[in-house]
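Chemist: Below is a structure I'd like to ask you about.
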Amino acid sequence: MPDYLRLPVRPTGAVVSAPNPPLAGSDVEYRALANALPQIIWTTDPQGRLEWVNDRWYELTGLSESESLYNKGALAAVHPDDHAHLERTWRAALATSTPCEIEYRIRSREGTYRWHLARTTPIRDQNNVVTRWVSAVMDMHERRIAEQQLYEWERRFEVVFNVIPHATAIIRLSDGAHLQVNDAFTRVTGFTRADIIGQSTVTLGIWTAEERAGHVAPLVTPPGGSTVVPFRTKDGKPLRLALSGRHLGFGGEPCMVTIAIDVTEQEANEAALREADRLKDEFLALLSHELRNPLTPILTAARLLKLRGVPEMHADLDVITRQAGHLAHLVDDLLDVSRVARGKVALTKQRVELSSIVAKAVEATGPLLEKRQHVLEVSVAVEGLAVDADEVRLTQVVSNLLSNAAQFTPPGGKVAVVAERDVAQVVLRVRDTGVGIDPALLPNLFEMFVQGQQSVERKEGGLGLGLSLARTLTELHGGTLTATSEGRGQGSVFEVRLPAAASASTTGGLAATSHSVFPRVEVGEAPRVLIVDDNNDVADTISRLIAIAGYDTRTANDAASALALSTEFRPQVAILDIGLPGMDGYQLARELRVLFSENPPTFIALTGYTRDRDRERSREAGFALHLAKPIDGEKLVHILDAIATRDSTLP
């Protein structure tokens, strides 16, 4: 035990006076006051030998006065790990006669240790000589534990803060100064902590004050927000950072924690993808145009040959018409799937009876069903099965299901279409007696380009897009499309479920669509039609076909020839290709409208460009209709007849 904690030890057999001499009045008052305090109070002589300890010591330690003052109990009650620190500090205070503070642990009567803070100071006489040391020992256990916990939390925060893989900073809102940054911040920006702590992006020269105000505007309103901003690294490299900010108090000041993710490469990749998507759009548009262009004269020429009445050629002409139509259907599927996959299909919904949809789908797939000699059974109520739908797109869904059933059902099979109301849904089922679906194929049946097992010659044909397109269009209507089958050779059932319209009332189909006023045609006058297409076969075959229907026609292969011809011909209807050389069809329509401002012709776009934006541009250029190549000859004549008779309902 150190000498400064020892009291004089009584020699054996010696008579020793009481350790403390009789107390003066002031000492009595002092000790009474000390015993009333909640702290431990002790005093020593000038050499640091313990003279007296108040009652708090005994209450805490459970030691008696004799154990504390005459034996080694006082030091024994101190935690062994704190002995060295206690001795060093106390010796230094005695040597310099200066006050000191010591933190150490004292063992309680329960055997646990509690942290205490001893503040010790010398008492001096009038000659400035130390006559006594007095100490107040305060229990600081809860505070010390709280500080330890705080320290541990700070260490954990520091570890987590630096483990975050994204550049993270704590910024003071008043001036934008960085108070703390993590390791990722230094890696991303190139700035060291010495560079950045206490500095703002403005003082570092990264942003101007105006730029900073604009960049942080989305973040400063509590609780915070996100934005993407430009940033320059320490070596001047430009970055694009996605900033997310959240407000917090830090050190008593309003601050914000920001997380910055380097999206420079991501944005470059996205830009490249957008450019690739744009190029793909352009390619698909060009592909559509180039594939549709030759189909138009093929189908029109076949129609002309059939009109000439050579019966022995009809079968061959039917083959030409059917196969050209099949190719056109494949082109449509490719473009539709591309549009749907990119979310570029917008539905135009209105209330329509399902019977109207089924009727149009049956009409569209009738030739295929007849060719395959199938028996078609339709059980769909005329009214009571109304849905809110885009009639064209929903007809496409049912047509694809019927085409699928026809293709995968052997000749002479049966296809049934039934519909019913199921609480808040309208249910349509297409059943067939065809080849069925292998159970292994069912989970992926509606994926693009997935087809059932076919023979080497691919008798059924197709690209495997119809079902994928049908499902996606059904889902755009808020419905579902599922398939079931007992297996190969057992036929299949495709079920479409759609939300029923809120009311049972229905228009029974699409309402009539109004178009621009048609040119007035005098009775007995052959309507004048101008056909402009840079493909001479297209222009020539269409001209000959509608001439048979009684129309006066002229053709041109470019805009300049069309304008020159129109001055004398004064067309009442202008059928224009969009992809003309030099001046395109949109501009040609505008020029013709100016040329015949008092009585302009009705414009019809007949083109291989069929994207939504192509149709929108046609409307803006004043076209009444935007027709896709190849056009059915009968349909085109029907349209011209409606225009000639000023019928406001076009097919």
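The values are calculated or read from the model by the stated rules, or taken from the named source; none is laboratory data. Just so it is clear, the model here is predicted, and its values are computed rather than measured. Cβ atoms come from the backbone with ideal geometry, glycine included; neighbour counts cover every protein chain shown.
Chemist: Only one of these is assigned to a helix (DSSP H, G or I) and at pLDDT 90 or above: L369, L327, L394, L335. Name it. Explain how you work it out, then say what you get.
Modeler: Details: L369 fails: at pLDDT 90 or above; L327 fails: at pLDDT 90 or above; L335 fails: at pLDDT 90 or above.
On inspection, the qualifying residue turns out to be L394.
Chemist: Identify, by number, the condition in (1) touching an Asp or Glu at 6+ places or on another chain (Cβ under 7 Å); (2) hydrophobic (A, V, I, L, M, F, W, C); (3) farther than 21 Å from E87 by Cα that L150 doesn't meet.
Modeler: If we test L150 against (1) touching an Asp or Glu at 6+ places or on another chain (Cβ under 7 Å); (2) hydrophobic (A, V, I, L, M, F, W, C); (3) farther than 21 Å from E87 by Cα, just (1) comes out false.
Chemist: On to the next question. Could you run through the stretch 147-174 and say how many residues are in a loop (DSSP other than H, G, I, E, B) and either within 22 Å of N54 (Cβ to Cβ) or touching a strand residue (DSSP E or B) at 6+ places or on another chain (Cβ under 6 Å) (or both)?
Modeler: Within the stretch 147-174, the first condition is being in a loop (DSSP other than H, G, I, E, B), and the residues that meet it are 164-166, 173-174.
Add one more test, that the residue is either within 22 Å of N54 (Cβ to Cβ) or touching a strand residue (DSSP E or B) at 6+ places or on another chain (Cβ under 6 Å) (or both), and what stays is 166, 173.
Adding up the residues that qualify gives 2.
Chemist: Right, another one. Looking at the structure I just gave you, is T120 part of a strand (DSSP E or B), in contact with a Pro (Cβ under 8 Å, 6 or more places away or on another chain) and surrounded by fewer than 18 Cβ atoms within 10 Å (Cβ to Cβ)? Lay out the reasoning, then the answer.
Modeler: Values: part of a strand (DSSP E or B): yes; in contact with a Pro (Cβ under 8 Å, 6 or more places away or on another chain): yes; surrounded by fewer than 18 Cβ atoms within 10 Å (Cβ to Cβ): no.
The answer is no for T120.
Chemist: What is the number of the single condition among (1) under 26 Å from R124 (Cα atoms); (2) at pLDDT below 90; (3) surrounded by 11 or more Cβ atoms within 10 Å (Cβ to Cβ) that G25 does not meet?
Modeler: All conditions pass for G25, except number (3).
Chemist: Additional query: From the set of residues in the stretch 603-644 that are among the β-branched types (V, I, T) and part of a helix (DSSP H, G or I), which is nearest to the chain's Cα centre (by Cα)?
Modeler: Looking at residues that are among the β-branched types (V, I, T) and part of a helix (DSSP H, G or I), I get I639.
Chemist: Condition first: among the hydrophobic types (A, V, I, L, M, F, W, C), part of a strand (DSSP E or B) and over 20 Å from the mean Cα position of the chain (by Cα). Now tell me which residues in the stretch 235-294 satisfy that. Talk me through it step by step, then tell me what you get.
Modeler: Within the stretch 235-294, the first condition is being among the hydrophobic types (A, V, I, L, M, F, W, C), and the residues that meet it are 239, 241-243, 248, 250, 255-257, 259-261, 263, 268, 271-273, 276, 279, 283-287, 291.
Subsequent filtering for residues that are part of a strand (DSSP E or B) retains 239, 241-243, 248, 250, 255-257, 259-261.
Residues satisfying the conditions are L239, L248, F250, C255, M256, V257.
Chemist: Could you check how many residues of the stretch 381-418 are over 29 Å from R488 (Cβ atoms) and either touching a Leu at 6+ places or on another chain (Cβ under 6 Å) or outside the structural domain of G478 (by TED's automatic domain parsing) (or both)? Walk me through how you get there before you give the answer.
Modeler: First pass over the stretch 381-418, keeping only residues over 29 Å from R488 (Cβ atoms): 381-395.
Narrowing the set further to residues that are either touching a Leu at 6+ places or on another chain (Cβ under 6 Å) or outside the structural domain of G478 (by TED's automatic domain parsing) (or both) leaves 385, 387, 390-391, 393.
Final tally of qualifying residues: 5.
Chemist: Step by step: first the residues of the stretch 578-594, then only those that are outside any helix (DSSP H, G or I) and in contact with a Gly (Cβ under 9 Å, 6 or more places away or on another chain), then the one that is farthest from N535 (Cα to Cα). Which residue is that? Steps first, please.
Modeler: Just the residues of the stretch 578-594 that are outside any helix (DSSP H, G or I), to begin with: 578-584.
Going one step further and asking which of them are in contact with a Gly (Cβ under 9 Å, 6 or more places away or on another chain), we end up with 578-579.
Working: I578: 12, G579: 10 Å.
The extreme case among them is I578.
Chemist: Something else now. Scan the stretch 562-574 for residues that are part of a strand (DSSP E or B) and either touching a residue at least 60 places away in the same chain (Cβ under 8 Å) or at positive phi (or both) and jot them down.
Modeler: Correct list: V573 only.
Chemist: To continue, here is another question. Are there any pairs with C-beta distances below 9 angstrom linking a residue in the stretch 201-224 that is acidic (D, E) to a residue that is modelled with pLDDT of 85 or more and not in a helix (DSSP H, G or I), with the two at least 6 apart or on different chains, and if so which?
Modeler: Taking only residues 6 or more apart or on different chains, the pairs are E211/T201; E211/V202; E211/V229; E211/P230.
Results for (1) within 26 Å of V382 (Cβ to Cβ); (2) modelled with pLDDT of 90 or more, shown as yes or no for each residue.
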{"residue": "L428", "(1), (2)": "yes, yes"}
{"residue": "L441", "(1), (2)": "no, no"}
{"residue": "F449", "(1), (2)": "no, no"}
{"residue": "G452", "(1), (2)": "no, no"}
{"residue": "G462", "(1), (2)": "no, no"}
{"residue": "L469", "(1), (2)": "no, no"}
{"residue": "L473", "(1), (2)": "yes, no"}
{"residue": "T480", "(1), (2)": "yes, yes"}
{"residue": "A483", "(1), (2)": "no, yes"}
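Chemist: Then there is this: Search the stretch 285-297 for residues being buried (at least 19 other Cβ atoms within 10 Å of the Cβ) and under 16 Å from S543 (Cα atoms), and hand back the single one that is modelled with the lowest pLDDT.
Modeler: N293
Chemist: Can you name the number of the only condition in (1) touching a helix residue (DSSP H, G or I) at 6+ places or on another chain (Cβ under 9 Å); (2) of a type outside the set (G, A, S); (3) surrounded by 14 or more Cβ atoms within 10 Å (Cβ to Cβ); (4) more than 30 Å from A328 (Cβ to Cβ) that V257 fails?
Modeler: Evaluating V257 over (1) touching a helix residue (DSSP H, G or I) at 6+ places or on another chain (Cβ under 9 Å); (2) of a type outside the set (G, A, S); (3) surrounded by 14 or more Cβ atoms within 10 Å (Cβ to Cβ); (4) more than 30 Å from A328 (Cβ to Cβ) leaves (1) as the failure.
Chemist: Are any residues in the stretch 536-561 under 49 Å from the mean Cα position of the chain (by Cα) and either part of a loop (DSSP other than H, G, I, E, B) or crowded, with 16+ Cβ neighbours inside 10 Å (or both), and if so, which ones?
Modeler: Result: V538, A539, I542, N557, D558, A559.
Chemist: If you don't mind, there's one more thing I want to ask. State whether the residues of the stretch 36-45 include one that is assigned to a helix (DSSP H, G or I) and either exposed (fewer than 15 other Cβ atoms within 10 Å of the Cβ) or over 60 Å from the mean Cα position of the chain (by Cα) (or both).
Modeler: We begin by selecting, within the stretch 36-45, every residue assigned to a helix (DSSP H, G or I); these are 36.
Checking the rest, the ones that are also either exposed (fewer than 15 other Cβ atoms within 10 Å of the Cβ) or over 60 Å from the mean Cα position of the chain (by Cα) (or both) come to 36.
Within the stretch 36-45, one or more residues are assigned to a helix (DSSP H, G or I) and either exposed (fewer than 15 other Cβ atoms within 10 Å of the Cβ) or over 60 Å from the mean Cα position of the chain (by Cα) (or both).
Chemist: For the stretch 373-390, give me each residue that is in contact with a Ser or Thr (Cβ under 6 Å, 6 or more places away or on another chain), part of a loop (DSSP other than H, G, I, E, B) and closer than 16 Å to R351 by Cα.
Modeler: Those that are in contact with a Ser or Thr (Cβ under 6 Å, 6 or more places away or on another chain), part of a loop (DSSP other than H, G, I, E, B) and closer than 16 Å to R351 by Cα: V382, D390.
Chemist: Still on this structure: Restricting attention to the stretch 338-355, and to residues there that are over 13 Å from R393 (Cα atoms) and at pLDDT 80 or above, which single residue is surrounded by the most Cβ atoms within 10 Å (Cβ to Cβ)?
Modeler: Restricting to residues being over 13 Å from R393 (Cα atoms) and at pLDDT 80 or above, the top hit is E353.
Chemist: Could you pull out the residue among R91, R144 that is part of a helix (DSSP H, G or I), out of contact with any Lys or Arg (no Cβ under 6 Å at 6 or more places or on another chain), among the charged types (D, E, K, R) and within 18 Å of P46 (Cβ to Cβ)? It would help to see each step written out before you state the result.
Modeler: On the way: R144 fails: within 18 Å of P46 (Cβ to Cβ).
Of R91, R144, the one residue that is part of a helix (DSSP H, G or I), out of contact with any Lys or Arg (no Cβ under 6 Å at 6 or more places or on another chain), among the charged types (D, E, K, R) and within 18 Å of P46 (Cβ to Cβ) is R91.
Chemist: Hey, another quick one. Condition first: in a loop (DSSP other than H, G, I, E, B), over 13 Å from V529 (Cα atoms) and polar (S, T, N, Q). Can you find one or more residues in the stretch 595-602 that meet it? So that I can check it myself, show each step before the final result.
Modeler: Here is the first cut: in the stretch 595-602, the ones in a loop (DSSP other than H, G, I, E, B) are 596-601.
Still in the running and over 13 Å from V529 (Cα atoms): 596-599.
In the following step, the residues that additionally are polar (S, T, N, Q) were identified as 597, 599.
Checking the stretch 595-602: at least one residue is in a loop (DSSP other than H, G, I, E, B), over 13 Å from V529 (Cα atoms) and polar (S, T, N, Q).
Chemist: If a residue has to be surrounded by fewer than 19 Cβ atoms within 10 Å (Cβ to Cβ) and aliphatic (A, V, I, L, M) to count, how many in the stretch 562-577 make the cut? So that I can check it myself, show each step before the final result.
Modeler: Pass one, the stretch 562-577, residues surrounded by fewer than 19 Cβ atoms within 10 Å (Cβ to Cβ): 563-565, 567-570.
From the residues that got through so far, the ones that are aliphatic (A, V, I, L, M) too are 563-565.
The qualifying residues number 3.
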